[in-house]
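**Q** Got a structure here, written out as structure tokens. Questions coming.
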Amino acid sequence: MSGGTGAGSAAAGASITAYATYDQVKAMCPRRFNVTANAPTQANVNDWLEQGAQYLDAKLSSAGYTTPATSGTAAYTMLTNLNTLFAAAMVENAYSVDINAATGQSRGETLEMRFWKGVDNLLKLDLSGMGVTHTCHAYAGGISLADKDAVEDDSDRTPLAFRRGMHAYPGAGTTGAAAPSDPEERSN
């Protein structure tokens, strides 16, 4: 189910596999392919499919997922739909000047907005349950009480040199509304 490899967008020596195919794009915007003059070529569409796949893979990779996604998974189906949407938007942008009176946008602009909204929505999901491997897990350290207790119980641990409030001298100005600790100061 991978698209072809166009020559224009891939870096030298790099092989980009699109999630969608030329025929899927053709089915999404058939009126652009049913004309003889100015119809997009298969090479154009394959380049746009590769470009869309690059965007999708970059977004997935920056979110910590392994790319490309494996064929046959639920995530792959969603990526195929988004990849088709991106290439169809590029077809419409290249070959259309039709403006929707209600939105003031062309069909291509509308499809491209739907693509980016779909990418944002996709990244809000936990794709690891949809067949995409999550490669990194953020860890800030000490984020749970169990982690904190484990660090404090470590016998090889260097004693702390600083503690909260160690420079909070009685009578010193504070940024908060804390009451002075000296009873004589409280009565003034």
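The values are calculated or read from the model by the stated rules, or taken from the named source; none is laboratory data. None of the values given here were measured: they were computed from a predicted structure. No Cβ is skipped: glycine too gets one built from the backbone with ideal geometry, and neighbour counts run over all protein chains shown.
**Q** In the stretch 151-176, which residues are hydrophobic (A, V, I, L, M, F, W, C) and either over 43 Å from the mean Cα position of the chain (by Cα) or modelled with pLDDT of 75 or more (or both)?
**A** Those that are hydrophobic (A, V, I, L, M, F, W, C) and either over 43 Å from the mean Cα position of the chain (by Cα) or modelled with pLDDT of 75 or more (or both): 151, 161, 162, 166, 168, 172.
**Q** Pull out all pairs, ordered by first then second residue, where Cβ-Cβ is under 6 Å, the residues are six or more apart or on different chains, the first lies in the stretch 33-61 and is assigned to a loop (DSSP other than H, G, I, E, B), and the second is surrounded by fewer than 17 Cβ atoms within 10 Å (Cβ to Cβ) and among the aliphatic types (A, V, I, L, M).
**A** Listed by first residue and then by second, the contacts come to 33/39.
**Q** Return the residues of the stretch 61-73 that are under 14 Å from residue 126 (Cα atoms) and over 17 Å from the mean Cα position of the chain (by Cα); say none if nothing qualifies.
**A** If the condition is that a residue be under 14 Å from residue 126 (Cα atoms) and over 17 Å from the mean Cα position of the chain (by Cα), then 73 is the only one that fits.
**Q** Just to be sure, is residue 77 without any contact (Cβ under 8 Å) to a residue 24 or more places away in the chain, under 19 Å from the mean Cα position of the chain (by Cα) and not in a loop (DSSP other than H, G, I, E, B)?
**A** yes
**Q** Within the stretch 95-107, identify whether any single residue is hydroxyl-bearing (Ser, Thr, Tyr) and in contact with a strand residue (DSSP E or B) (Cβ under 9 Å, 6 or more places away or on another chain), and answer yes or no.
**A** So in the stretch 95-107, the residues hydroxyl-bearing (Ser, Thr, Tyr) come out as 95-96, 103, 106.
If we keep only those that are in contact with a strand residue (DSSP E or B) (Cβ under 9 Å, 6 or more places away or on another chain) as well, we get 96, 106.
Yes: one or more hits.
**Q** Name the residue that is modelled with the lowest pLDDT, counting only residues in the stretch 84-106 that are buried (at least 21 other Cβ atoms within 10 Å of the Cβ) and over 15 Å from residue 53 (Cα atoms).
**A** Top of the filtered list is 92.
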